[in-house]
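Report on one structure; see the data block that follows.
Every read-out reported here was derived from the displayed coordinates using simple, explicitly stated rules and does not represent laboratory data. What you see is a predicted model, and the numbers here were worked out from it, not measured in a lab. Positions of Cβ are generated from backbone atoms using ideal geometry, with glycine treated the same way; all protein chains shown enter the neighbour counts.
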Amino acid sequence: NAGVMQNPRHLVRRRGQEARLRCSPMKGHSHVYWYRQLPEEGLKFMVYLQKENIIDESGMPKERFSAEFPKEGPSILRIQQVVRGDSAAYFCASSPLRGRDNSPLHFGNGTRLTVT
Amino acid sequence: AQTVTQSQPEMSVQEAETVTLSCTYDTSESDYYLFWYKQPPSRQMILVIRQEAYKQQNATENRFSVNFQKAAKSFSLKISDSQLGDAAMYFCAYRGGETSGSRLTFGEGTQLTVNP
């Protein structure tokens, strides 16, 4: 049973370009979470999605960032017009349930975004 | 809002010895879940141990155990018989009950070094 798959593993973008990060949850998981980890810091929640629905986007910057989890295909985190401050590791996690119990989140290996 | 504090940015331990990593949290909820995750240099987030707040018994997973003090809002991780492979960044994480959503709130992490 494959784990959470994120790609690419590393992504380099120049300032002003767009970054698209992909996440395929574990088989049978319908809940996806995106976290950002700045250098030397902990993970910060960004957004929580179910298939075709954004449940909680309270951690998402209001501009340039968007996320989707379509009925078919992976979840996408999109960053438009990237700036140097967007350089970070972006982690995706999935779970089978809404989180009303102790089901742990299963994390992918992250995408390291570098903005030059 | 919930906060998680790890007051030890770095810790070291001799191989085969025991080490305790501290974590405190702030919440007004009575029902919640606590987790310790390990992040080795590969960047993968690995679940180490979990604890439900309604359970008085401290969780144990092989060499890993917690000291959960609900009144003090403390959730420390004890690693016994430390091994070289335990060297990693350790994150304490909080997840609220049904009323506060599914996201994890992470501490800033403790970098653990294991000396041979």
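For chain A, the antiparallel share of DSSP beta bridges with both residues in that region comes to about 90%. Taken over the C-alpha atoms, the protein assembly as shown has Rg and Dmax values of 17.7, 52 angstrom. Neighbouring Cβ atoms from other chains, within 10 Å of the Cβ of residues in B:39-47, number 5 on average. Pairs from the table (A:27/A:51; A:44/B:38; A:71/B:38; A:27/A:71) lying more than 22 angstrom apart at Cα are A:71/B:38. Using a cutoff of 8 angstrom between alpha carbon atoms and counting only pairs six or more residues apart, the relative contact order for chain B works out to 37 percent.
With neighbour counts taken as other beta-carbon atoms within 10 Å, the residues A:116, B:113 rank, fewest first, as A:116, B:113. Dipole size of the protein assembly as shown about its Cα centre, with +1 on Lys/Arg Cβ and -1 on Asp/Glu Cβ: approximately 820 debye, rounded to the nearest 20.
What is the distance in Å between the Cα centroid of segment A:11-32 and that of segment B:2-51? Cα centroid to Cα centroid, the span is 26 Å.
Mean partner shielding of peptide A:35-43, defined as the number of other chain Cβ atoms within 10 Å of each residue Cβ, is 5. Over chain A, Cα pairs under 8 Å with separation of 6+ residues give a relative contact order of 37 percent. Residue by residue along A:104-114, Cβ atoms of other protein chains within 10 Å of the local Cβ number 4 on average.
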